[in-house]
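Undergrad: Below is one structure. I have some questions about it.
The values are calculated or read from the model by the stated rules, or taken from the named source; none is laboratory data. Because the structure is a prediction, the values reported are computed rather than measured. When we count neighbours, we look across all protein chains shown, and the Cβ atoms used for this are built from the backbone with ideal geometry, even at glycine. Accessible surface is based on the protein model in full, side chains and every heavy atom, while ligands, DNA and RNA are left aside. Shrake-Rupley method; radii C 1.70, N 1.55, O 1.52, S 1.80 Å.
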Amino acid sequence: MINLPPYPKEDTIEWSGLTLEQIQMRRALVQARMEIQKFKLNAEIERYRQKTPFIGGSSSMLSRVAGAFTWAEYAFFAIRLFKIAAPIFRRKK
């Protein structure tokens, strides 16, 4: 900024920077805040998983249904679904 004659020159205090101890304390404070936010985020995610019965956790409806069937039963369901859906997608000549 240009200091023109009608304006008085301001005395500026020169900033000498931070000490090593101040830098370390700020770094520790930021890391502590990050850890707190991680903890809060994980708690929120876990709370939402427990609220939604179809998606989250080992006690959800989806995981119970998926755990009830074996691979052979999944293959059986896929074959049956293919047999049912195949005539729908075939072209007629």
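Undergrad: Within region 73-93, restricting attention to residues that are among the basic types (K, R) and modelled with pLDDT of 85 or more, which residue is farthest from the chain's Cα centre (by Cα)? Talk me through it step by step, then tell me what you get.
TA: Going through region 73-93, the residues among the basic types (K, R) turn out to be 80, 83, 90-93.
This time we only want the ones that are modelled with pLDDT of 85 or more, so: 80, 83.
Numbers: R80: 38, K83: 40 Å.
Filtering first and then ranking leaves K83.
Undergrad: Given the options E35, E44, name the one that is modelled with pLDDT of 95 or more and assigned to a helix (DSSP H, G or I). Explain how you work it out, then say what you get.
TA: Details: E44 fails: modelled with pLDDT of 95 or more.
Just one listed residue meets the conditions, E35.
Undergrad: Exactly one condition in (1) surrounded by 11 or more Cβ atoms within 10 Å (Cβ to Cβ); (2) modelled with pLDDT of 85 or more; (3) in a loop (DSSP other than H, G, I, E, B) is false for G17; which is it?
TA: (1)
Undergrad: Another question, then. Kindly indicate whether any position in region 51-72 is of a type outside the set (S, T, Y), modelled with pLDDT of 75 or more, part of a helix (DSSP H, G or I) and open to solvent by 100 Å² or more (accessible area, probe 1.4 Å).
TA: So the first thing to find is which residues in region 51-72 are of a type outside the set (S, T, Y), and the list is 51, 53-57, 61-62, 64-69, 71-72.
Okay, now just the ones that are also modelled with pLDDT of 75 or more, so 68-69, 71-72.
Subset that is part of a helix (DSSP H, G or I): 68, 71-72.
From what's left, open to solvent by 100 Å² or more (accessible area, probe 1.4 Å): 71.
Yes, region 51-72 contains a residue that is of a type outside the set (S, T, Y), modelled with pLDDT of 75 or more, part of a helix (DSSP H, G or I) and open to solvent by 100 Å² or more (accessible area, probe 1.4 Å).
Undergrad: On to the next question. Could you check how many residues of region 20-33 are open to solvent by 100 Å² or more (accessible area, probe 1.4 Å) and among the aliphatic types (A, V, I, L, M)?
TA: Taking region 20-33 as the starting set, the residues that turn out to be open to solvent by 100 Å² or more (accessible area, probe 1.4 Å) are 20-21, 24-27, 31, 33.
Of the ones still in play, those that are also among the aliphatic types (A, V, I, L, M) are 20, 25.
So the answer is 2.
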